[in-house]
Amino acid sequence: MTVPKSVRDRARTLHSELHKHNYLYYSRDDPLIPDAEYDQLLRELQSIEAEYPELVTADSPTQRVGAAPLKAFGEVHHEMRMLSLDNAFSDEELMDFDRRVRDRLETDSVEYAAEPKLDGLAISLLYQDGKLVRAATRGDGETGEDVTQNVRTIASVPLKLSGAAIPGVLEVRGEVYMSHAGFAALNRLAAEQGSKPFVNPRNAAAGSLRQLDPAITAQRSLEMFCYGVGKVTGGTLASTHIDILAQLQEWHLRVYEDVQCVSGVAGCMGYYEQYRQQRDTLPFEIDGVVFKVNRLDQQSSLGFVARAPRWAIARKFPAQERETTVQDIEVQVGRTGALTPVARLEPVFVGGVTVTNATLHNEEEVQRKDVRTGDAVIVRRAGDVIPEVVRVLREKRRRGARKFHMPARCPVCGSHVMRVQGETAVRCSGGLFCPAQRKEAIKHFASRRALDIEGLGDKLVEQLVEKSLIHDVSDLYQLTIDDLAGLERMAEKSASNLVEALQASKSTSLARFIYALGIREVGETTAQTLAREFRDLDAVMAADAETLEAVPDVGPVVATRIREFFAEQHNRDVIAKLLDAGIHWELVEQPRQQPLAGKTFVLTGTLSMPRAELKDRLQSLGARVTGSVSKNTDFVVAGENPGSKHDKAVKLGIAILDEAACVKLVSG
Ligand code: 9MJ
């Protein structure tokens, strides 16, 4: 069916009208027309597109509701690395930063662009000929996830740019976040639906953006501010950071309105103080402010190190502290039997989350701080760190408050508590007889980095153990839909999904399997090394101390733990049952030739290829790559402007390679 010209023209007019109003409403916060009028225009375009589907384009204002769900996110390679920021936690650290910048630029005072530091997640937007063609997360800075369909649902992200002289390729970077209001609304909904609330706006934003179904993302109120550019070709950008932000704004990208140009470190401190005071009045969470050298020519002469530019710094706000009361001190039993005292607190909002527990680490720590039930305490929480009790307000202590002592018996199974010389932790001696240790061992086995059994959450594991449906991890594979369907909050559908997930988890890798066993001191990296070195489970189980200690990074303690674990008949039985149930993995490949085995490299200065890539290539040839130069270093690879590591290498007489020589070496 051909589209009449009048309809085509009308659709085009509606496109541009709606793009304009979207921008004024979401990016400028300055709408020109009432919402009802906007809705009417949108509905008109929707009905035209319904009649003439050939008029639907990817950048149509109707296309924000979310495309079809994905199976998995694709990978995106960032042609220009997405850097993160170095932090300054005090005025001194900020002054050090400014001094380094001035020294390197050989100037007395520097002009900085000052902006708030949003607490969300960094996103790259790629516009080609003014159209949004891709959006990606930062990932590790080199490779991120393709979240285009989800980002398209964010109203403040233009699907199409407007204005003059837009570069042919324009990569814009910024932060996607959720406002306090959006976060509260989302958690209200979660409460109504009986699902788990998000702990803070940042997690909510990240969780919303990482939905495989864009229709879900579309329902979450995500927003974005742009704070920089990545790859740009086919156009010219201004010569300062602030002017570039102004250009982005002219092209209808959303930029924070109060980015200020400040002079020197004094100007930075003024901006910091202003935002520290108004932090709580902003509609979104910020965890500091960011200062960037304003002139681009100065930025490029400063360059960057490792993961962060030398021309920018985040001045972080101090951790937040609040007063609350200790309702009780409980003792938790962990996977390895370690007993940890935990303060149950009167709920208190601090550092962006509601805190109800704080770890007290160990008995010594409780004694040192002298925390008692009923005490008024100051709790602190910074970033993603576990909340902690900073100190007790002794003057408020009630008479008769009793000192805390570790119990002599495990609070869960009643077994004796052991004190091991040289360790602060005390442990339950019950081993896998102790339900707490059993539960934790099973949770660990199912966790994402171990066998990754989707749908087997902590609460479910607890129920399964309490109802004696499982005793050890091998029993998981005997569970039937009938066993599961009877449990709390478990419908037939979730039961059958879990049985499927269990089935899927049987296909794993040797490294994951070793890690999943939960051997003390054997973390993910050690498990990977063991898998790579032994290639076979029987060989790990049979290895003597000497063989184990020959493995890189395995010392006498780790070797002892591994041997103790496999010496235990119970553990061997469980492993046999797991293998009988069908757990399997591909044979670990024979390591390739390792011509650089035993050689230690240190990389320094600015390299033209991504540092991580060079590091990977060196490691794949058997080399170790470390961060500091010592007499054990064999080679220092010096890029441009190498710093003190280069000087130290010269002093120690260590071989220095330039980047070209190193590339030649790794290319064989
Ligand atoms: C945030 N998170 O608000 C940067 N950021 O610049 C701002 N992050 C950044 N800038 C370079 N305002 C790397 C990260």
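The values are calculated or read from the model by the stated rules, or taken from the named source; none is laboratory data. Note that this is a predicted model, so its numbers are computed, not measured. Using ideal geometry, Cβ is built from the backbone for each residue, glycine included, and neighbour counts are taken over all protein chains shown. Side chains included, ligands, DNA and RNA excluded: accessible areas come from the protein's heavy atoms. Shrake-Rupley method; radii C 1.70, N 1.55, O 1.52, S 1.80 Å.
A few comments on the model shown:
- Relative contact order of the chain, taken over Cα pairs closer than 8 Å and 6 or more residues apart, is 9 percent.
- Working note: Karplus 6.51/-1.76/1.60 with θ = phi - 60° gives the stretch 115-127 the couplings 9, x, 9, 6, 9, x, 9, 6, 9, 10, 10, 10, 10 Hz, where Gly and Pro are set to x.
- Local electrostatic count, LEU237, Cβ distance below 15 Å [Lys/Arg +1, Asp/Glu -1]: 0
- Stretch gain in nm, segment HIS180-ARG409, where the contour uses 0.36 nm per residue and the Cα spacing is subtracted: 77.9 nm
- The stretch 600-645: C-alpha pair distances exceeding 12 Å, %: 58
- Accessible-area composition of the stretch 435-585, carbon plus sulfur, in percent [1.4 Å probe]: 45
- Calculated accessible area for the chain comes out at 51 Å² per residue, all protein chains present (probe 1.4 Å; ligands, DNA, RNA ignored).
- Length gained on full extension, GLU564 to ASP103: 160.4 nm, using 0.36 nm per residue less the C-alpha separation.
- Loop-located GluC sites (Glu not before Pro) in the stretch 559-627 whose Cβ has at most 14 other Cβ within 10 Å (DSSP): GLU568, GLU586, GLU589
- Computed from backbone phi with θ = phi - 60° and the Karplus coefficients 6.51, -1.76 and 1.60, the 3J(HN,Hα) list for the stretch 44-52 is 4, 5, 4, 6, 5, 5, 5, 7, 10 Hz; x is used for glycine and proline.
- Carbon/sulfur fraction of accessible area - the stretch 86-316, other protein chains in place, 1.4 Å, %: 48
- Amide proton proximity set for ASP86, modelled H, under 5 Å, gap of 5+: ALA314
- Angle between the chain longest axis and helix 556-567 axis [Cα atoms, degrees, rounded to 10]: 70
- Between VAL557 and VAL3, full extension at 0.36 nm per residue minus the direct alpha carbon distance yields a gain of 191.8 nm.
- Cα-based convex hull volume of the stretch 324-414 per residue, rounded to whole Å³: 102
- Extreme residue, positive dipole direction of the stretch 435-585, given options ILE453, PHE565, VAL465 (C-beta unit charges): ILE453
- Ordering ASP91, ASP108, ASP370 by accessible surface, largest first, gives ASP108, ASP91, ASP370; the 1.4 Å probe counts only protein heavy atoms, with every chain in place.
- The stretch 246-394 - percent relative contact order, Cα under 8 Å, separation 6 or more: 16
- Within the chain, antiparallel bridges make up roughly 85 percent of the DSSP beta bridges whose residues both belong there.
- Carbon plus sulfur fraction of accessible area for the stretch 600-667, probe 1.4 Å, in percent: 51
- With all pairs of separate Cα atoms included, the chain yields a Kirkwood hydrodynamic radius of 29.2 Å.
- For the stretch 1-130, Kirkwood radius (reciprocal of mean inverse C-alpha pair distance, Å): 20.0
- Separation of the stretch 400-447 and the stretch 257-300, taken as the distance between their Cα centroids, equals 48 angstrom.
- Against the chain, whose longest principal axis is taken from its Cα atoms, helix 5-22 shows a tilt of about 60°.
- Once the mean of 1/r is taken over each pair of separate Cα atoms and inverted, the stretch 435-585 shows a Kirkwood hydrodynamic radius of 16.0 Å.
- Amide H contacts of PHE284 (H built 1.01 Å from N, in plane; Pro and chain starts excluded): HIS180 sit under 5 Å, all sequence-distant by 5 or more or on other chains.
- Taking the average, over residues, of other Cβ atoms within 10 Å as the packing measure, peptides 627-640, 198-211, 390-403, 14-27 rank 198-211, 14-27, 627-640, 390-403 from highest down.
- Cysteines having no other Cys beta carbon under 4.7 Å from their own, within the chain: CYS226, CYS261, CYS268, CYS662
- Here the spin labels are modelled as points 7 Å beyond Cα on the Cα-Cβ line, and at SER507 and ARG368 they lie 5.0 nm apart.
- Using θ = phi - 60° in the Karplus curve 6.51 cos²θ - 1.76 cosθ + 1.60, the 3J(HN,Hα) couplings for the stretch 506-516 round to 5, 8, 9, 10, 4, 5, 4, 5, 4, 4, 4 Hz; x is entered for Gly and Pro.
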